[in-house]
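The values are calculated or read from the model by the stated rules, or taken from the named source; none is laboratory data. Quick caveat: nothing in here was measured; it's all calculated off a predicted structure. Here the Cβ is made from the backbone with ideal geometry for all residues, glycine too, and neighbour counts use every protein chain on show. Note: accessible area is taken over every heavy atom of the protein model, side chains too, but ligands, DNA and RNA are not part of it. Shrake-Rupley method; radii C 1.70, N 1.55, O 1.52, S 1.80 Å.
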Amino acid sequence: MKTVNKVILVGNITKDPYVKTTMGGKKVAVFTVATNRYFKDGAGNPMSESEYTNCSAWGNLAERCEQYMFRGKLVYVEGHLKTRVIDKDDGTRLFKTEVVTTNLIFLDRRGGSDESAEQSSASGYSGGYEDALFADDSAASFSEEDTKFDDKF
């Protein structure tokens, strides 16, 4: 039987992405997307709950993140879940689950702030849908060696 591992998020970037190059020479961007879930409690009162999801983008997508992504930017992220195991110096293991991005769209808020418009135009990004869609066609071409980092982040 087939299984599915697909994630779609629409949310805001919590801080500028952290971009680095692996020991294998591949560029990777790491960022967090904040999303909100709205619901009513047992008494019918409106409630909201925030979720912060770690994401990574590789290759061309990492370069796009470096150029156009900034804190507060509204984004559409599509990808799959990946859990990395990090063996720490003290012998413990850390499990880190993140969304490996395969599609990324930089979205504009309706009636967005002047600050957002200034940052977008300063980076040379016009904000149009046609220019905003980036598909990572190289995500499947990374070997295990490419994902090893010279330091832990």
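For segment 62-104, taking Cα atoms only, Rg and Dmax work out to 14.3, 39 Å respectively.
Extending 7 Å from Cα along the Cβ direction at T22 and again at N36 yields two label points whose distance is 3.6 nm.
Simple spin-label estimate for N103 and N12 gives 2.5 nm between the two label positions (7 Å along the Cα-to-Cβ direction from each Cα). Residues whose amide H falls under 5 Å from that of G24, counting only those 5 or more places apart or on a different chain, are K148, with hydrogens built in the peptide plane. Annotation: segment 11-106 has a Kirkwood hydrodynamic radius of 14.9 angstrom, from the mean reciprocal C-alpha pair distance. Residue separation of E66 and D90 scaled by 0.36 nm, minus their Cα-Cα distance, works out to 5.3 nm of gained length. In the full protein context, segment 65-111 carries 60 Å² of accessible surface per residue, based on a 1.4 Å probe and ignoring ligands, DNA and RNA.
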